[in-house]
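Note sheet for the following structure.
The values are calculated or read from the model by the stated rules, or taken from the named source; none is laboratory data. This one's a predicted model, so the numbers in the text were calculated from it and none came from an experiment. Because the Cβ atoms are built from the backbone with ideal geometry, glycine has one as well, and the counts that use them run over all protein chains shown.
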Amino acid sequence: MTFKARQLLTWLGVDLMSIEQINLESLRHRSIHGLLENQRVAVKAVEFEERELPDGLELIDGDDLRHKPFVEYLSARRIDHTAYPYMISPTAEGRQAKRIIIPFTHHGMIVGNTARFLDDRSPKYISDMQQGYVFGIDLQRENWQHAFVVEGIFDALAIDALAVLHNDINDKQVQVIKSLGRAITVIPDQDVAGMALVDRAMEMGWAVSMPEWPEGIKDVNDSVIRMGKLATILTILQFRETNKYKIEIQRKRLVKRLRS
């Protein structure tokens, strides 16, 4: 309660003990939404500059036979080709004809992109990415109170999560994630490199989930391919931990499985 509110109650003849009880009751029933709004305001916004997409792109069209290999690739990853503006350039020269462009957006503005090449050559991805960018901000809905943070872009697309696009979370990305004002759960890739995300999550006081998925499942997208979206989310929630001691137990179990 504010000083003025306390003063008003005093003038109305309410005794000090009753004022304190009202204050405690107010705190007890303060809505989660209100707390999240306060958290959102307290975090400094990260700004990005608008970027152009490569020339000669066209949206994937499931009815266009030229687009069939790209639709099939996304389908194999259990990704709906109509749920995001995936773009291709099937008439381009060389490798450019065998890529899917995934635009990076932030509050509706294009701020970069990544190209996923479908041939067997390296690199598989080439990205135009600004420092601090977090993919998937525009996938979040206003009424959601939780957000998942993953490493890879297809992991994020598979469950409407946030992707940091590498195995660490830099300070600007932390600001972007915190600006959502939501409970955060980090789901690392199940490999040695993914453990860096666990360290960062614990440093930030965020929850971590390392589900005991069947053998051969390394990340969220693998799980969605094998088990489906709903089952994947349920296992993430089942293994979600906020206690650092229990997170370390999960980590030791995972590392043991990786070494066996």
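Suppose we filter K252, K244 for residues that are assigned by TED's automatic domain parsing to the domain that holds N170, over 22 Å from L165 (Cα atoms) and at pLDDT below 90; which single one remains?
After applying the criteria, what remains is K252.
Looking at the structure I just gave you, is D191 more than 11 Å from the chain's Cα centre (by Cα), of a type outside the set (F, W, Y) and within 24 Å of K252 (Cβ to Cβ)?
yes
Just to verify a result, which residue in segment 211-255, among those that are surrounded by fewer than 20 Cβ atoms within 10 Å (Cβ to Cβ) and among the acidic types (D, E), is farthest from A156 (Cα to Cα)?
E248
For I100, indicate whether it is within 18 Å of I88 (Cβ to Cβ), of a type outside the set (D, E, K, R) and in contact with a Phe, Trp or Tyr (Cβ under 6 Å, 6 or more places away or on another chain). I'd like the intermediate steps shown before the answer.
Values: within 18 Å of I88 (Cβ to Cβ): yes; of a type outside the set (D, E, K, R): yes; in contact with a Phe, Trp or Tyr (Cβ under 6 Å, 6 or more places away or on another chain): yes.
Yes; evaluated as a whole, the condition is true for this residue.
Looking only at segment 229-260, count how many residues are touching a strand residue (DSSP E or B) at 6+ places or on another chain (Cβ under 7 Å) and in contact (Cβ under 8 Å) with a residue 40 or more places away in the chain.
Final tally of qualifying residues: 4.
Taking N167, is it surrounded by 16 or more Cβ atoms within 10 Å (Cβ to Cβ), assigned to a helix (DSSP H, G or I) and over 11 Å from the mean Cα position of the chain (by Cα)?
On the way: surrounded by 16 or more Cβ atoms within 10 Å (Cβ to Cβ): yes; assigned to a helix (DSSP H, G or I): no; over 11 Å from the mean Cα position of the chain (by Cα): yes.
Answer is no for this residue.
Does R182 count as touching a Phe, Trp or Tyr at 6+ places or on another chain (Cβ under 9 Å) and at pLDDT below 95?
Against the criterion (touching a Phe, Trp or Tyr at 6+ places or on another chain (Cβ under 9 Å) and at pLDDT below 95), R182 qualifies.
Residues of segment 219-228 being touching a residue at least 40 places away in the same chain (Cβ under 8 Å) and over 21 Å from L165 (Cβ atoms), which ones?
G228
Could you tell me whether segment 176-190 includes any residue that is farther than 30 Å from R259 by Cα, exposed (fewer than 15 other Cβ atoms within 10 Å of the Cβ) and not charged (D, E, K, R)?
Looking only at segment 176-190, we keep the residues that are farther than 30 Å from R259 by Cα, and these are 176-183.
Filter once more, keeping what is exposed (fewer than 15 other Cβ atoms within 10 Å of the Cβ): none.
Scanning segment 176-190, I find no residue that is farther than 30 Å from R259 by Cα, exposed (fewer than 15 other Cβ atoms within 10 Å of the Cβ) and not charged (D, E, K, R), so the answer is no.
Read through the list (1) under 17 Å from I79 (Cα atoms); (2) of a type outside the set (F, W, Y); (3) without any contact (Cβ under 8 Å) to a residue 60 or more places away in the chain, then give the number of the only condition that H166 fails.
Exception for H166: condition (1).
Of all helices (runs of 4 or more DSSP H) completely enclosed by segment 201-260, which ones contain at least 1 residues that are of a type in the set (S, T, N, Q), over 17 Å from the mean Cα position of the chain (by Cα) and closer than 26 Å to D171 by Cα?
Values: elements: 220-227, 229-238, 244-259.
So the answer is 244-259.
If K244 meets every condition in (1) in contact with a helix residue (DSSP H, G or I) (Cβ under 7 Å, 6 or more places away or on another chain); (2) within 27 Å of F104 (Cα to Cα) apart from one, which number is that one?
Failing condition for K244: (2).
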